[in-house]
Amino acid sequence: MVGAGNAGLSAAHAARERGARVTVLEKASRAWSGGNSAFTAGAMRFAHGGLDDLGDLLEPDERHADTELDPYTADEFLADMRRVTLGRGDEAMARILVGDSGDAVRWLHGRGIRFRLMYERQAYEQDGRHRFWGGLAVGAVDGGAGLVAQHRAAAERTGIEVRDDSPVSDLVPGGVIVRGEELRADAVILTAGGFESNPQMRAAYLGPNWDVAKVRGTPHNTGEVLRAALARGAQAYGNWSGCHAIQWDAGAPPTGDLELTNRYSRQSYPLGIVVNADGRRFLDEGADFRNYTYAKYGAEVLRQPQAVAHQLFDARTAGMLRTIDYEAPGATRVDADTIEELAERLGIDAARLVRTVAEYNAAVQPGEFDPSVKDGKRTQGIDPPKSNWALPLEQPPFTAFPVTCGITFTFGGLRVDERARVLDEAGAPMPGLFAAGELVGGLFFHNYPGGSGLTAGTVWGRRAGYAAADL
């Protein structure tokens, strides 16, 4: 196994389950081990039958008695995959993801991974009831860091060897090269992530200005394993000019922070408006639940002047922000009693921002506001529109959160078959070579349904581990 994130350790568990001797090679030190998985919120999207269907999976929580969680069917999951990828994703891969999703999450639970409902991220409380929205509700206990820690504990219990500080620099037939030493194996599973931490590759494949994007997660996903596989004849596949990128605190460090991990995320933008450095709106904040827009809106921010934007809220909407992120230590925040004063503190032309807010407020249409459904409370007569959750910004004090683009992972990668075998340029399986996780291409194009990345890593990791052990 090359890479000790969720996909790699899922593959390791599966191979060990079939009796294989397993060694996991992790590029990073023990502190940074786990790749991007450790920097996620630990959310996993999968088909299920609602709250009653999840009772055997979830940690006890007294809030369950006051929770509304509708079923999320396989048809709904597949439709979401088609919709957000504009129909360009590999249909067979999407069907495998959806079909395996529920069983794969329960399989993880059987390996010792603990799950809970993500009340603080995916639910709104109304009339004493917690209502989940957007097809996503379940995450690992203690988030991504907890997910990796539980994976590592399970690996230790079952005799899986994890070698940290073991960067793979090249592939050879029947093995890999680590620090100049050739290590042999009957099968090699590549789960080393994409190239999002490599500024040169980002600029080359994603386009201009991507080299200045901040990296949400590990600094170690620099693409050398992916390049080595391509150099050995593996087939490139998927959306090589696309990636998962979100609105990220403008004051965040260049790469991920081990303490705050995912808490630089700024994803309550559907409750307010987003303006660029010129004081102009440039996207539909309410186009859909944030689970279906957040992974593409980071790229929209990167296209703006100075590659920054500002999320604006008033006293009413600021009280509904996800406190786990917006009140994180060191959050970049600006408060003011007037829009003019807010503009001055942000360095925006005050007249322009006042005009933008006034035009937006005037365009807000009547209707009932409900953040747990697509409420249709919209604007009319302005471009871009706000299609849902349009509340006027009129109650001081006003609050702004400066954001930039934070890249999560790249969508281009290797092509694999249904057994996670890496295919060569002619479409034939490469002997003894498998892949899973963010290093695999074809599943996501342009966008991504929140929580489906970790699920995909488990689905193809498990398939890769089983297939490799059966050689």
Problem - strands (runs of 3 or more DSSP E) enclosed by region 395-471 - at least 2 residues per element that are more than 16 Å from Ala92 (Cα to Cα) and hydroxyl-bearing (Ser, Thr, Tyr) - result: 398-410
Practice task
Kindly list the number of the only condition in (1) part of a helix (DSSP H, G or I); (2) within 23 Å of Arg290 (Cβ to Cβ) that fails for Ala41.
Solution key: (1)
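Given Gly112, Gly99, which one is of a type in the set (Gly, Ala, Ser) and outside any helix (DSSP H, G or I)? It would help to see each step written out before you state the result.
Working: Gly99 fails: outside any helix (DSSP H, G or I).
Testing whether each residue is of a type in the set (Gly, Ala, Ser) and outside any helix (DSSP H, G or I) leaves just Gly112.
Taking the options Arg88, Arg30, Arg83, Arg16, name whichever one is surrounded by fewer than 19 Cβ atoms within 10 Å (Cβ to Cβ), outside any loop (DSSP other than H, G, I, E, B) and on the phi < 0 side of the Ramachandran plot.
Numbers: Arg88 fails: outside any loop (DSSP other than H, G, I, E, B); Arg30 fails: outside any loop (DSSP other than H, G, I, E, B); Arg16 fails: surrounded by fewer than 19 Cβ atoms within 10 Å (Cβ to Cβ).
Only one candidate passes the filter, namely Arg83.
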Completion exercise
Among strands (runs of 3 or more DSSP E) entirely within region 172-233, at least 2 residues that are of a type in the set (A, V, I, L, M, F, W, C) and in contact (Cβ under 8 Å) with a residue 40 or more places away in the chain occur in 175-178, 188-190
Practice task
State whether one or more residues within region 53-65 are small (Gly, Ala, Ser), modelled with pLDDT of 95 or more and in contact with a Leu (Cβ under 7 Å, 6 or more places away or on another chain).
Solution key: no
Handout entry: Condition met for Pro384 (farther than 17 Å from Ala287 by Cβ and outside the structural domain of Tyr124 (by TED's automatic domain parsing))
Key = no
Completion exercise
Being in contact with a Gly (Cβ under 7 Å, 6 or more places away or on another chain) and within 24 Å of Glu120 (Cβ to Cβ) narrows Thr317, Thr293 down to just Thr317
Exercise for the section: Output yes when any residue across region 319-336 is assigned by TED's automatic domain parsing to the domain that holds Leu393, over 29 Å from the mean Cα position of the chain (by Cα) and more than 14 Å from Gly272 (Cβ to Cβ), and no when none is. Expected result: yes
Exercise for the section: For Leu190, indicate whether it is within 29 Å of Ser241 (Cα to Cα), assigned by TED's automatic domain parsing to the domain that holds Tyr119, within 26 Å of the chain's Cα centre (by Cα) and aliphatic (A, V, I, L, M). Expected result: yes
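Suppose we filter Phe434, Phe398 for residues that are closer than 26 Å to Gly42 by Cβ and among the hydrophobic types (A, V, I, L, M, F, W, C); which single one remains? Outline the logic, then answer.
Details: Phe398 fails: closer than 26 Å to Gly42 by Cβ.
Testing whether each residue is closer than 26 Å to Gly42 by Cβ and among the hydrophobic types (A, V, I, L, M, F, W, C) leaves just Phe434.
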Problem - Count - residues of region 122-148 that are over 21 Å from Lys374 (Cα atoms) and in contact with a helix residue (DSSP H, G or I) (Cβ under 8 Å, 6 or more places away or on another chain) - result: 9
Practice task
Tell me which of these His130 doesn't satisfy, since it passes every other one: (1) over 19 Å from the mean Cα position of the chain (by Cα); (2) surrounded by fewer than 17 Cβ atoms within 10 Å (Cβ to Cβ).
Solution key: (2)
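Taking the criterion of being over 30 Å from Ala41 (Cα atoms) and more than 31 Å from the chain's Cα centre (by Cα), would at least one residue in region 411-425 satisfy it? Full working, then the answer.
Just the residues of region 411-425 that are over 30 Å from Ala41 (Cα atoms), to begin with: 423-425.
Of the ones still in play, those that are also more than 31 Å from the chain's Cα centre (by Cα) are none.
There is no residue in region 411-425 that is over 30 Å from Ala41 (Cα atoms) and more than 31 Å from the chain's Cα centre (by Cα).
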Exercise for the section: Please go through region 149-164 and pick out each residue that is in contact with a helix residue (DSSP H, G or I) (Cβ under 8 Å, 6 or more places away or on another chain) and of a type in the set (Gly, Ala, Ser). Expected result: Ala154, Ala155, Gly159
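The values are calculated or read from the model by the stated rules, or taken from the named source; none is laboratory data. Note that this is a predicted model, so its numbers are computed, not measured. As a convention, Cβ positions derive from the backbone with ideal geometry for all residues, glycine included, and neighbour counts pool all protein chains shown.
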